[in-house]
Amino acid sequence: MLVLSRLRDETIMIGDHIEVTVVDVRGDKVRIGINAPTSVAVHRKEVYDAIKRENEEASRFDQRQLDGIRVPPAAPAGGGRPSKASRRTPDPRRRPGLEALKCKTA
């Protein structure tokens, strides 16, 4: 562990982007200010330990938690019953052939 002495309003740099400044000293209590990018999480040690402990507990898998859960059957392919139009067999007489599409000339 690196131990440094600083007076009020003096700063310590950690890397290129984190500044730790002594803001105030009163008796045995030191107030510090931390300036860090938003991508760096900054927590008091006891808060960090609580977050870590809760994340570890939440990540544990217990089969008993799933025992009473029923999973509904999967829906048929295509999202359910096909529409009436898609079930109908096409009638070739109802579709125009190439003759109907050609331009008639006089």
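Would you point out the residue of segment 32-71, among those that are surrounded by 10 or more Cβ atoms within 10 Å (Cβ to Cβ) and acidic (D, E), that is nearest to E10 (Cα to Cα)?
D49
Taking the options I14, I69, name whichever one is at negative phi, aliphatic (A, V, I, L, M) and modelled with pLDDT of 95 or more.
Exactly one residue qualifies, and that residue is I14.
Filter the strands (runs of 3 or more DSSP E) completely within segment 11-59 down to those with at least 1 residues that are within 22 Å of M1 (Cβ to Cβ) and of a type in the set (G, A, S).
Result: 29-35.
The values are calculated or read from the model by the stated rules, or taken from the named source; none is laboratory data. Values in this document were obtained by computation on a predicted structure and should not be read as measured data. All Cβ positions, even for glycine, are placed from backbone atoms using ideal geometry, and neighbour counts span all protein chains on display.
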